1. Restricting attention to the stretch 113-127, which residues are farther than 15 Å from T83 by Cα and hydrophobic (A, V, I, L, M, F, W, C)?
2. How about the stretch 1-26: which of its residues are more than 20 Å from F84 (Cα to Cα) and not in a helix (DSSP H, G or I)?
3. Which of (1) surrounded by 16 or more Cβ atoms within 10 Å (Cβ to Cβ); (2) over 20 Å from the mean Cα position of the chain (by Cα) does R165 not meet, given it meets every other one?
4. Does F121 satisfy the criteria of being in a loop (DSSP other than H, G, I, E, B), surrounded by 13 or more Cβ atoms within 10 Å (Cβ to Cβ) and either of a type in the set (F, W, Y) or not assigned by TED's automatic domain parsing to the domain that holds L48 (or both)?
5. Of all residues being surrounded by fewer than 20 Cβ atoms within 10 Å (Cβ to Cβ) and in contact (Cβ under 8 Å) with a residue 60 or more places away in the chain in the stretch 25-35, which is nearest to the chain's Cα centre (by Cα)? Just the residue, please.
6. Residues L81, L50, L68, L46: which one is within 30 Å of R142 (Cβ to Cβ), among the aliphatic types (A, V, I, L, M) and loosely packed, with under 12 Cβ neighbours inside 10 Å?
7. For F157, only one of the following conditions fails: (1) among the aromatic types (F, W, Y); (2) surrounded by 12 or more Cβ atoms within 10 Å (Cβ to Cβ); (3) over 25 Å from T43 (Cβ atoms). What is its number?
8. I'd like the full set of residues that are touching a helix residue (DSSP H, G or I) at 6+ places or on another chain (Cβ under 8 Å) and either in a helix (DSSP H, G or I) or among the hydroxyl-bearing types (S, T, Y) (or both), limited to the stretch 139-161.
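The values are calculated or read from the model by the stated rules, or taken from the named source; none is laboratory data. Because the structure is a prediction, the values reported are computed rather than measured. Glycine also receives a Cβ, built like all others from the backbone with ideal geometry; neighbour counts cover every protein chain displayed.
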Amino acid sequence: MDIFAHGLWTGAAATGANRKFHTNIRPGWAAFWGIFPDLFAFTVPLGLLLWQRAAHLAQAGPHGVPHLPLAWQLYQISHSLVTFSAVFGIAWMIARRPVLELLGWALHILIDMPTHTVRFFPTPFLWPVSSYRVSGISWANRWFMLVNYTALAVVYFLMWRSRQRRRAKQRPDQVSSTAQIL
């Protein structure tokens, strides 16, 4: 899935979890951890590529696409549930509580599994334990992008509407408690 959709889905999931389970997950941080695997895998390699292109040092791979082996190595690390579990456990020990915002990272991996094909960055969710990959649908298909962003629009609209309804319910209480004071 694309990085923007990851951020939006993890932000929505954190907001929903807060309402349903009365947790205190910060949606902004959850969204950051939701895009973190892609930032980790692609930021440095793309920065290097841009610098190399600017300095006329980059060599194109097949079909004119630059070969980025560093991105693939970082992708395996950041898209592994094994890596995530280790980091989540270490963060839990340091913070002495589960750092729930990090679950955005796990959600990123779980979303990528069925939305990547084995032909283009298959999700190595069991790395380094296993090389098993799931071949799903490509998130880059136009119809999938349309469905995905339509679903996101519906989810965010429903969250907005729910918030408006909660606010409307709170207003009469505030008015009556103010009237009682006077």
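1. Initial filter on the stretch 113-127 (farther than 15 Å from T83 by Cα): 113-122.
Across the stretch 113-127, the qualifying residues are M113, V118, F120, F121.
2. Within the stretch 1-26, H22, T23, N24 qualify.
3. (1)
4. Working: in a loop (DSSP other than H, G, I, E, B): yes; surrounded by 13 or more Cβ atoms within 10 Å (Cβ to Cβ): yes; either of a type in the set (F, W, Y) or not assigned by TED's automatic domain parsing to the domain that holds L48 (or both): yes.
For F121, the condition - in a loop (DSSP other than H, G, I, E, B), surrounded by 13 or more Cβ atoms within 10 Å (Cβ to Cβ) and either of a type in the set (F, W, Y) or not assigned by TED's automatic domain parsing to the domain that holds L48 (or both) - is met.
5. It comes out as F32.
6. Numbers: L81 fails: loosely packed, with under 12 Cβ neighbours inside 10 Å; L68 fails: loosely packed, with under 12 Cβ neighbours inside 10 Å; L46 fails: loosely packed, with under 12 Cβ neighbours inside 10 Å.
Going through L81, L50, L68, L46 in turn, the sole match is L50.
7. (2)
8. Applying the first criterion (touching a helix residue (DSSP H, G or I) at 6+ places or on another chain (Cβ under 8 Å)) to the stretch 139-161 yields 139, 144, 148-149, 152, 155-156, 159.
Once the filter is applied, which keeps residues that are touching a helix residue (DSSP H, G or I) at 6+ places or on another chain (Cβ under 8 Å) and either in a helix (DSSP H, G or I) or among the hydroxyl-bearing types (S, T, Y) (or both), the stretch 139-161 yields F144, N148, Y149, L152, V155, Y156, M159.
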